[in-house]
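For reference, the structure is listed below as structure tokens.
The values are calculated or read from the model by the stated rules, or taken from the named source; none is laboratory data. The structure presented is a predicted model; accordingly, all values stated were derived computationally and were not measured. So basically every Cβ, Gly included, is an ideal-geometry build from the backbone, and we count neighbours across all protein chains shown.
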Amino acid sequence: MTNLLAARELMAFTLAFHIVLACIGVALPAIILTANYLGLKRGDRDAMRLAKRWSKAMAVTFAVGAVTGTVLSFEFGLLWPRFMERFGDAFGIAFAVEGIFFFLEAIFLAIYIYGWKRLGGWAHFWSGVPMVITGIGGAFSVVTANSWMNQPQGFVLDAAGKVVETEPLKVLFNPAWGYEVPHMILAAYMVAGFLVASVYAVGMLRGRRDRLHRLGLLIPLTIALIATPIQLFVGDTAARSVADHQPAKFAGMECIQETGTDQTEYIGGICTSDGVKGAIGIPGLDSFLVGWSTDTEVTGLEQISPDDRPPANTLLHLSFDAMVGIGTALLALGVWLAIVWWRRRDIPRTPWFLRAVAVSGVAAILALWFGWIVTEVGRQPWIVQGYMRTSEAVTDAQGIWFVFAAVILLYAALGSGAILVLRTLSRRWREEGDEVAEAEVPYAPREVGT
Amino acid sequence: MTRADVAAAILWTGATLYAIFGGADFGAGFWDLVAGDARKGARPRALIQRSLTPVWEANHVWLIFILVVLWTAFPDAFGAVMSTLYVPLTLAAFGIVLRGAGFAFRKSFRSLQAQRALGATFALSSVLTPFFMGTVVGAIAAGNVPPGGGDAFSSWLAPLPLLVGAMFVASGAYLAAVFLVGDAARGGDADLEGYFVRRALAAAVVAGAFAVAGVFALHSEARYVFDRLLNQGLPLVVLSGICGIGVLASLLRGWRRPLRPLAAGAVAAVIWGWGVAQFPYLLPTSLKISQSAAPPDTLASVIVVFLVAAVVILPALGLLYWLSQRELVGE
């Protein structure tokens with residue numbers, strides 16, 4: 001039991017860390033190329049400077065993402081060897097496809113990031129385009145592996161429970177991919193867009209109101225704000241599909257104890273077996289959201305055998321609410337900007353707008369984490385829904401808590417190192433200009449090297 | 001040749017490419033570690049930094065490739081390796097994080113202290129990571145990884161695995177020195193070229209010595225592999241030796257063109273020699289390739305993915321190397 005908990009916490013922690021970098025890796029290329037395109041097409045030097053700076057920042061985040069992603073591939077085997085033994089031949093197919101995308105992304109990212117000086121303007125721009133496509137392809141492959149764990153299909157088991165036949169296309173295009181994959185790709189664009197915009201919002205709040213900051217705010221913010229309404233739509237579809245296919249997860253998310261029609265939608269609160277405490281209830285709304293009618297029957301937890309119920313009901317429910325709440329707030333931010341922009345082609349004058357953008361990056365990351373808590377904790381106690389329990393998959397290895405402690409220290413250093421590097425770069429750009437900072441590839445320290 | 005054999009060949013191809021390119025990147029970290037103080041080490045370290053920067057992440061992806069092919073095509077073997085050798089594998093994973101972060105962060109700092117600390121992190125983990133990976137390979141070759149899992153410590157804390165670990169470090173250092181000779185020559189830096197020629201020679205001798213010692217260890221710890229290595233695998237052993245001698249001759253005579261292919265050939269021949277020697281076992285002598293193989297359609301997808309990769313990735317990778325060798329990418 002303690003091994004299971006340790007392995008789950010370690011996996012969750014390393015995934016939560018990596019997924020932020022994965023989002024940046026998936027979506028930042030498109031944001032950079034937008035700035036690069038504007039720079040080339042309109043001869044906009046500010047846009048060009050932004051593209052260059054962001055690509056230098058991406059070099060840092062990609063390196064950290066590459067190594068933390070490697071850790072996850074090790075963890076599949078180190079923490080869940082029984083799962084990989086039994087289902088690696090089905091689950092792995094998506095990762096084999098992912099390998100191609102990740103490889104291509106790494107190659108073109110290197111060409112783009114390190115090609116600024118010596119490749120011609122448009123040749124350099126086009127060398128970056130594969131990053132956008134491979135980012136989306138990579139996200140598809142990894143997330144479809146996860147959606148397979150939620151709605152597995154495309155394999156035949158023998159009497160001993162071993163996979164004896166597979167249908168790779170059915171594995172890749174399992175019933176959950178259609179909503180999980182777009183949900184995640186849009187999330188990546190939101191996280192990267194709001195995160196970059198929030199950096200420039202902070203700069204503007206500190207009085208740096210030049211054109212560079214304005215563009216640095218508007219390019220990523222526009223991209224994120226375009227993704228947001230689509231995301232709410234996709235998320236809504238996802239929730240309905242979960243209600244159909246994973247009723248235990250849905251009941252956990254919505255705190256539904258008893259099966260029936262006319263289910264109340266609870267916002268907030270604590271889930272108990274006697275019902276929800278301290279929530280705002282909207283009668284009938286949950287049934288309505290699931291089937292467009294208050295007569296829709298929704299499965300409650302009492303109908304799920306106690307062994308098959310997801311743990312941490314309140315955590316699931318509040319995570320779901322927080323994700324939806326943050327998404328809605330970000331949508332409101334977009335509506336605000338759109339109205340003001342339509343009226344006078346400018347961002348809202350009040351500092352509250354910049355303050356809102358300044359927290360939007362962190363808010364988007366929180367929504368991302370809450371969403372994955374819903375997906376992953378909501379699937380428990382299963383690692384492969386309906387086929388294998390997480391407790392059957394875990395390793396017998398000793399010392400996972402110890403490794404977990406070491407990983408926390410290592411990742412704390414890694415995270416603060418990355419942030420420190422990014423802040424150092426940004427300060428140097430501001431104080432010394434882009435060229436000075438860029439020309440400098442110090443290895444040997446100045447005082448002794450030169 | 002069955003689909004499972006093809007998948008095993010794909011696995012070995014990935015391992016070969018990782019050993020050559022990833023190995024050279026680790027080896028460069030070794031030379032960074034022993035380059036001396038900030039003043040003495042400045043020029044070799046700058047060359048190492050320039051050579052590695054655009055390519056190390058792409059080279060690193062071969063490791064992901066190996067893991068993915070192993071768990072998809074041979075899930076039982078993957079499970080056995082992971083649940084037996086979790087200690088060296090965990091240490092290798094830590095090393096990978098520290099190596100990448102140390103390298104990526106180092107160039108952004110200007111203070112000597114920060115550069116030293118991050119440089120040491122990069123360099124030290126560049127030595128430890130391949131060592132632990134080598135112990136994993138050695139433990140497999142020694143037959144200490146049965147299906148279902150073996151002993152967590154005695155499986156790799158044995159002479160053969162430890163020796164293979166050392167051999168990994170040495171062969172990485174050897175490849176890196178040879179590659180850096182070429183990079184220094186292209187940069188027109190004769191001093192630095194000589195610097196890495198001397199190191200390549202030394203590393204070649206050390207890696208060769210470890211290889212010979214490895215054969216003795218195979219004799220006592222992995223008899224099956226030993227016997228086949230000196231029978232079916234003999235041509236590859238001889239080929240590796242010829243390539244190695246060719247490298248030495250090229251280094252001494254100042255030939256630069258054949259250096260890289262010969263050095264890579266020497267390492268590749270050893271890896272395929274090992275493959276031939278443990279055939280038809282994936283985990284000698286307890287799990288055969290055929291016993292561990294995934295269902296046929298999964299194997300077919302692995303093969304298709306590999307073919308697509310060969311058509312799409314190899315040209316892209318070639319472009320990256322071409323650009324970086326012509327210094328069209330770089331900082």
*Is there any pair linking a residue in the stretch B:1-18 that is on the phi > 0 side of the Ramachandran plot and crowded, with 21+ Cβ neighbours inside 10 Å to one that is in a helix (DSSP H, G or I) and of a type in the set (Asp, Glu), with Cβ under 8 Å and at least six apart or on different chains, and which?*
none
*State whether one or more residues within the stretch A:397-419 are facing another protein chain (nearest Cβ under 10 Å), in contact with a Pro (Cβ under 9 Å, 6 or more places away or on another chain), within 24 Å of residue A:75 (Cβ to Cβ) and modelled with pLDDT under 95.*
yes
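Any idea which of A:120, A:115 is within 9 Å of chain B (Cβ to nearest Cβ), over 26 Å from the mean Cα position of the chain (by Cα) and either of a type in the set (Gly, Ala, Ser) or surrounded by 24 or more Cβ atoms within 10 Å (Cβ to Cβ) (or both)?
Values: A:120 fails: within 9 Å of chain B (Cβ to nearest Cβ).
Criteria check complete, one pass: A:115.
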*Can you tell me which residue within the stretch A:45-57, out of those that are over 24 Å from the mean Cα position of the chain (by Cα) and without any contact (Cβ under 8 Å) to a residue 24 or more places away in the chain, is nearest to residue A:109 (Cα to Cα)?*
A:48
*Consider residue B:108 against the criteria (1) at the interface with chain A (Cβ under 7 Å from one of its Cβ atoms); (2) under 20 Å from residue B:135 (Cα atoms): it satisfies all of them except one. Which criterion is unmet?*
(2)
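Conditions tested, residue by residue: (1) within 14 Å of another protein chain (Cβ to nearest Cβ); (2) over 16 Å from the mean Cα position of the chain (by Cα).
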| position | (1), (2) |
| --- | --- |
| B:150 | yes, yes |
| B:169 | no, no |
| B:175 | no, no |
| B:190 | no, yes |
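With B:135, B:84 as the choices, which residue is surrounded by 24 or more Cβ atoms within 10 Å (Cβ to Cβ), in contact with a Leu (Cβ under 8 Å, 6 or more places away or on another chain) and within 21 Å of residue B:157 (Cβ to Cβ)?
Details: B:84 fails: in contact with a Leu (Cβ under 8 Å, 6 or more places away or on another chain).
After applying the criteria, what remains is B:135.
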*How many residues are within 7 Å of chain A (Cβ to nearest Cβ) and more than 20 Å from residue B:138 (Cβ to Cβ) if we restrict to the stretch B:81-98?*
1
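Does at least one position in the stretch A:10-19 carry a residue that is small (Gly, Ala, Ser) and at pLDDT below 95? Before the answer, list the steps.
Narrowing the stretch A:10-19 to residues small (Gly, Ala, Ser): A:12, A:16.
Next, only the ones that are at pLDDT below 95 stay: none.
Among the residues of the stretch A:10-19, not one is small (Gly, Ala, Ser) and at pLDDT below 95, which makes the answer no.
Yes/no matrix, rows are residues, columns are (1) surrounded by fewer than 20 Cβ atoms within 10 Å (Cβ to Cβ); (2) under 23 Å from residue A:183 (Cβ atoms); (3) at the interface with chain B (Cβ under 9 Å from one of its Cβ atoms):
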position	(1), (2), (3)
A:109	no, no, yes
A:129	yes, no, no
A:141	no, yes, no
A:145	no, yes, no
A:150	no, yes, no
A:153	yes, yes, no
A:157	yes, no, no
A:170	yes, yes, no
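Per-residue answers, yes or no, for (1) under 19 Å from the mean Cα position of the chain (by Cα); (2) of a type in the set (A, V, I, L, M, F, W, C); (3) in a helix (DSSP H, G or I); (4) crowded, with 18+ Cβ neighbours inside 10 Å:
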| residue | (1), (2), (3), (4) |
| --- | --- |
| A:214 | no, no, yes, no |
| A:228 | yes, no, yes, yes |
| A:237 | yes, no, yes, no |
| A:240 | no, no, yes, no |
*Say we look at the stretch B:53-63 and pick out the residues that are crowded, with 22+ Cβ neighbours inside 10 Å and under 15 Å from residue B:327 (Cβ atoms); which of these is farthest from the chain's Cα centre (by Cα)?*
B:54
*Restricting attention to the stretch B:63-80, which residues are more than 7 Å from every other protein chain (Cβ to nearest Cβ) and under 11 Å from residue A:85 (Cβ atoms)?*
B:74, B:77, B:80
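Determine if the stretch A:125-137 includes at least one residue that is under 17 Å from residue B:301 (Cα atoms) and modelled with pLDDT of 95 or more.
Checked against the condition, which is being under 17 Å from residue B:301 (Cα atoms) and modelled with pLDDT of 95 or more, the stretch A:125-137 yields at least one hit.
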*Which of the residues spanning the stretch B:278-331 are over 27 Å from residue A:169 (Cβ atoms), surrounded by fewer than 20 Cβ atoms within 10 Å (Cβ to Cβ), facing chain A (nearest Cβ under 10 Å) and of a type in the set (Gly, Ala, Ser)?*
B:318, B:330
*Does residue B:135 satisfy the criteria of being of a type in the set (Ser, Thr, Tyr), touching a residue at least 60 places away in the same chain (Cβ under 8 Å) and under 30 Å from residue B:290 (Cβ atoms)?*
no
*Residue list for the stretch A:62-74, filter: buried (at least 22 other Cβ atoms within 10 Å of the Cβ) and more than 8 Å from every other protein chain (Cβ to nearest Cβ)*: A:65
*Set A:247, A:175: member being within 22 Å of residue A:95 (Cα to Cα), at pLDDT below 95 and more than 17 Å from the chain's Cα centre (by Cα)*: A:175
*Quick one: is residue A:136 of a type in the set (Val, Ile, Thr), within 8 Å of another protein chain (Cβ to nearest Cβ), assigned to a helix (DSSP H, G or I) and out of contact with any Asp or Glu (no Cβ under 7 Å at 6 or more places or on another chain)?*
no
*Looking at this structure, is residue B:102 assigned to a helix (DSSP H, G or I), crowded, with 24+ Cβ neighbours inside 10 Å and either facing chain A (nearest Cβ under 7 Å) or at negative phi (or both)?*
no
_Go through (1) of a type outside the set (A, V, I, L, M); (2) at negative phi; (3) not in a helix (DSSP H, G or I) for residue A:23 and report which single condition fails._
(3)
*Within the stretch A:269-293, track down each residue that is touching a helix residue (DSSP H, G or I) at 6+ places or on another chain (Cβ under 6 Å) and crowded, with 16+ Cβ neighbours inside 10 Å.*
A:271, A:286, A:290
